[in-house]
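Okay, so here's the structure we're looking at.
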Ligand SMILES: C[S@@+](CC[C@H](N)C(=O)[O-])C[C@H]1O[C@@H](n2cnc3c(N)ncnc32)[C@H](O)[C@@H]1O
């Protein structure tokens, strides 16, 4: 189980560093916007579910965007970008009925205890015929870190292949398109990888995570194992398995 307090706290803290360290997240968001664009008319109402710092405002789309995010710090950044935004949980959306012609939800669902509930909520607030573009991290993401961090693992679980499609269908969505992409980044050492994860708010949020393990000795041990098992020319690879979906609410 994720701790909702940790999600709110860590992403709020990361709001000021997120953009500078979230290049991969930016690419995923842009890809979601490209996926959704042909299916949503100019000036249509679009919900950015888990909007983060509101970078959708800079994707050159002409929609009337409303953002919603659990972290007040993220909401403040999105608001500063000119996004109409409200604080809220996408698993219990603060909208009474169907009012959006499109939904974008990029790299959010993996932080929820009840992603299926969020997919139902997104379906509920959409009008018939609306489209949704999603991106989630699937298994394989940070597999190197998971392998070397061992029993003390600090890597959150990711969706198994096909799981998000099944949940979307059960929530009433029709799956129109899917595709996956693996991105590999390279870090000088394990510390640099952890610093980046912290800067984007992606630290461990499991409610029963082990505490007090991030000592210099622990970090040195992880770095040495990582280097032995996966090091390439002195750098450490970190894999991200991105999975994109285009959904439609069938009338
Ligand atoms: C990795 S960031 C992605 C932000 C944005 N979608 C982007 O692509 O830049 C994940 C965001 O999801 C938000 N989030 C996590 N759980 C949420 C929930 N249950 N309801 C709303 N927002 C949530 C976090 O606060 C954070 O801003």
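The numbers here are math on the coordinates, done by the rules we state, and not lab data. Treat the numbers as computed from the prediction; the structure is a model and nothing was measured. Reconstructed Cβ throughout: ideal geometry from the backbone, glycine too, with neighbour counts over all protein chains shown.
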- Task: At 7 Å along the Cα-to-beta-carbon direction for both residue 86 and residue 214, put a label point, then send me their distance in nm to one decimal.
- Result: 3.4
- Work out the FRET efficiency for residue 250 and residue 166 from their Cβ-Cβ distance, taking R0 = 22 Å, and round it to the nearest 0.05. 0.85
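Regarding the chain, what's the average projected area of the Cα-atom convex hull, expressed in nm²?
Values: hull surface 51.4 nm².
With the hull built on Cα positions only, its mean projection is 12.8 nm².
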- Query: Where does helix 115-124 land angle-wise versus the long Cα axis of the chain, in degrees 0 to 90, nearest 10?
  - Reply: 20
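Based on the mean of other beta carbon atoms within 10 Å per residue, what is the order of 69-75, 38-44, 166-172, 196-202, most packed first?
For the peptides 69-75, 38-44, 166-172, 196-202, the packing ranking is 69-75, 196-202, 166-172, 38-44.
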- Rough spin-label spacing in nm, given labels placed 7 Å along Cα→Cβ, for residue 127 and residue 188: 5.3
- Item | Approximate spin-label separation residue 117-residue 13, in nm, with each point projected 7 Å along Cα-to-Cβ | 2.5
- Note on the structure: Ranked from fewest to most other Cβ atoms within 10 Å of their own Cβ, 65, 251 fall in the order 251, 65
- Query: Using 1/(1 + (r/R0)^6) with R0 = 51 angstrom and r between the beta carbons of residue 221 and residue 23, what's the FRET efficiency to the nearest 0.05?
  - Reply: 0.95
- Stretched fully, the stretch from residue 41 through residue 147 gains (0.36 nm per residue minus C-alpha distance, one decimal, in nm) 33.7 nm
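Would you kindly calculate the translational diffusion coefficient of region 111-198, applying Stokes-Einstein with the Kirkwood radius from alpha carbon pairs, for 37 °C and a viscosity of 0.692 mPa s, and quote it in µm² s⁻¹ without decimals? The partial results should precede the final answer.
Values: Rh = 15.4 Å.
D, rounded to a whole number, is 213 µm²/s.
Based on the alpha-carbon gyration tensor of region 1-125 and its eigenvalue square roots a ≥ b ≥ c, which shape applies: rounded if a/c is under 1.5, prolate if not and a/b is larger than b/c, or oblate?
oblate
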- Item | Computed FRET value (nearest 0.05) for residue 181 with residue 5, which takes r as the C-beta separation and R₀ as 22 Å | 0.10
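Using the count of nearby Cβ atoms within 10 Å as a rough guide to exposure, how do 227, 181 rank from fewest to most? Let's see the in-between values first.
Numbers: 227 16, 181 13.
With the sparsest Cβ surroundings first, the list reads 181, 227.
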